[in-house]
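Here is the structure we will look at.
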Amino acid sequence: MRKAGWAALVAGALLVGGGACGGDDSNPSPDGGTQTDAGTQPDAGTKLPAEEGRALAVSNGGLVVVGSTEANLATTGVDLLVRRYTASGAVDTSFGTQGSVVLDFEGPAKGPLSGEREQADRADTVAVLADGSILVAGFARGGNASDSRDFVVVKLKANGQLDMGFNKTGKSRLHFGEENAVNFVGTVRSILPLADGRFYAGGFLTKSDGLDEDFALIRYNADGSLDTTFKSAGSPSGSWIGGAYTNAESVQGMALQGTSVVLGGGDHFAAVRITSSGSQDLTFGTSGLAKSEDGQAHALVARPNGGFLLAGERQDVQVGGTKHGVLKLVAYTADGKPDVTFGPGGVRELTSPAGVLDVVDVSGLRIQADGKILVYADVYAKPVLFRLLANGDLDTSFGTDGMVRWPETQLPVPLFIRSTTGPKLAVIGSQAFVTDANIYSSGFFPEEDSRLLLKSTGL
């Protein structure tokens, strides 16, 4: 099921931090390992950098939010940002530098800064490991005056300091194509840690025109190097690149099944299973692909029965003579078949009550210990947290008709969040925390005393 042509396009140098590997490990990049890019030190200023949050996770009893900041726009462009808050919403000043870590992968900004910045670095996902250390991943701009993007992963100690045992710099950068090539755009959207310290990073890779995204899966060793025992024909060692299913396949979530990993997301709620050796499991789904026609999935989570659930939306659904966007959930069995116990064809679409309509962005998905499902989404351009029963019915005992809308209960903290696909839902005990995804406008940043909202509600 692999997209034809990736072997030729990607088999060039695959640069990681200070070294290189690729389809031919005996022919490293001519850069000779000079692209270590240790980056800038965390911002030493006392003013809290304005924040554009993309994902959050539970860390040290509080919440860590990752994304980007324009605090150093004139010198390094848009930088990757990590910030930690206590459970009460205060900035955790014991983390990083006064609560924040700001990292740059590109160096001084050059040329005009407009639209997508030429030196843009951003985190799109985060995972907290058992020892409290933090893996943060996303992209760095792959070249000036281009839209190319490289995969980046950062490892922080629990206190927010760079873990220098990780790729010797605390950071790893993965470039697809030949040295200095600007042919590919990619980002990491999901991280899946393994018990032995290795981890998967999943996202998408596409040509710079952005017209056709493909699944991209990388396996790293605990020290930040590529795990070159993970091999797949047509992809550089350490990676599996696959597509040709739809126009947009992007890893929005992963689930471990024994030694294999299921990854899914993008158009038609697509999912595939990759073995620990790096090959696609063609016994999964239909000829290696699980798929539900129409709509786009933005989140994936494992189910207690061994299957998995994808959540997203389908647009232009006729309801009462009017077209709407609706919340769509697709349940698959462990083998990638539609789970018909969840709904016809394994699919549930919410078309009533009227308050559930006009979903435009599903960005958070969790399954509670009791099997109930939490989904965070934009509805009528406002944030809503849904709770559904295990079979997909709305849990009408939760909020109003199974939904909590904001502002209802609010926990004020200084955040700067824009609407985006990505996990923006975390649970601490009986509280669910989400980031507000509807208060960003390009070029505007809050004054020092401005306070936006990270919101919580009782479960």
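The values are calculated or read from the model by the stated rules, or taken from the named source; none is laboratory data. These numbers were taken from a predicted model, which means no experiment stands behind them. Note that each Cβ is placed from the backbone with ideal geometry, even for glycine, and that neighbours are counted across all protein chains shown. Note: accessible area is taken over every heavy atom of the protein model, side chains too, but ligands, DNA and RNA are not part of it. Shrake-Rupley method; radii C 1.70, N 1.55, O 1.52, S 1.80 Å.
From the list Asp267, Asp223, Asp294, which one is among the acidic types (Asp, Glu), over 17 Å from the mean Cα position of the chain (by Cα) and closer than 29 Å to Gly343 by Cα?
Asp294
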Check your understanding: Wholly within the range 329-379, which strands (runs of 3 or more DSSP E) include no fewer than the required count, namely at least 2 residues that are under 23 Å from Asp267 (Cβ atoms) and under 19 Å from the mean Cα position of the chain (by Cα)?
Key -> 359-367, 373-379
Review point. Right, Glu349: under 22 Å from Phe204 (Cβ atoms) and out of contact with any Asp or Glu (no Cβ under 7 Å at 6 or more places or on another chain) or not?
Key: no
**Study point:** Exclusive hit being open to solvent by 40 Å² or more (accessible area, probe 1.4 Å), under 26 Å from Gly165 (Cβ atoms) and either of a type in the set (A, V, I, L, M, F, W, C) or free of Cβ contacts under 8 Å to residues at least 12 places away in the same chain (or both), set Ala195, Ala233
**Key:** Ala195
Review point. For Gly307, which of the numbered conditions (1) touching a residue at least 60 places away in the same chain (Cβ under 8 Å); (2) in contact with a strand residue (DSSP E or B) (Cβ under 8 Å, 6 or more places away or on another chain); (3) among the small types (Gly, Ala, Ser) fails to hold?
Key: (1)
Practice item. Give me a count of the residues in the range 358-382 that are free of Cβ contacts under 8 Å to residues at least 60 places away in the same chain, touching a strand residue (DSSP E or B) at 6+ places or on another chain (Cβ under 8 Å), open to solvent by 10 Å² or more (accessible area, probe 1.4 Å) and among the hydrophobic types (A, V, I, L, M, F, W, C). Key: 2
Check your understanding: From the set of residues in the range 300-324 that are open to solvent by 10 Å² or more (accessible area, probe 1.4 Å) and within 19 Å of the chain's Cα centre (by Cα), which is nearest to Leu385 (Cα to Cα)?
Key -> Glu313
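How many residues, within the range 269-279, are surrounded by fewer than 22 Cβ atoms within 10 Å (Cβ to Cβ) and either on the phi > 0 side of the Ramachandran plot or part of a strand (DSSP E or B) (or both)?
Within the range 269-279, the subset surrounded by fewer than 22 Cβ atoms within 10 Å (Cβ to Cβ) is 275-279.
Now narrow it down to the ones that are either on the phi > 0 side of the Ramachandran plot or part of a strand (DSSP E or B) (or both): 278.
Looking only at that region, the number is 1.
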Check your understanding: Do the conditions hold for Val78, that is, is it within 22 Å of the chain's Cα centre (by Cα) and open to solvent by less than 10 Å² (accessible area, probe 1.4 Å)?
Key -> no
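Can you name the residue in the range 293-328 that is assigned to a strand (DSSP E or B) and of a type in the set (Lys, Arg) and is also farthest from Glu249 (Cα to Cα) among such residues?
To start, the set of residues in the range 293-328 that are assigned to a strand (DSSP E or B) comprises 296-302, 308-319, 322-328.
With the extra rule that they be of a type in the set (Lys, Arg), the set shrinks to 314, 323, 328.
Working: Arg314: 16, Lys323: 25, Lys328: 17 Å.
Among residues in the range 293-328 that are assigned to a strand (DSSP E or B) and of a type in the set (Lys, Arg), the one farthest from Glu249 (Cα to Cα) is Lys323.
So which residues in the range 325-357 are surrounded by fewer than 19 Cβ atoms within 10 Å (Cβ to Cβ) and either farther than 18 Å from Ala299 by Cβ or at pLDDT 95 or above (or both)?
Within the range 325-357, the first condition is being surrounded by fewer than 19 Cβ atoms within 10 Å (Cβ to Cβ), and the residues that meet it are 334-335, 337, 340-341, 343-345, 351-355.
Within the range 325-357, Ala334, Asp335, Lys337, Val340, Thr341, Pro344, Gly345, Thr351, Ser352, Pro353, Ala354, Gly355 qualify.
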Review point. Mind checking which pairs have a first residue in the range 211-223 that is among the small types (Gly, Ala, Ser) and a second that is open to solvent by 50 Å² or more (accessible area, probe 1.4 Å), Cβ under 7 Å, 6 or more apart or different chains?
Key: Ala222/Arg198
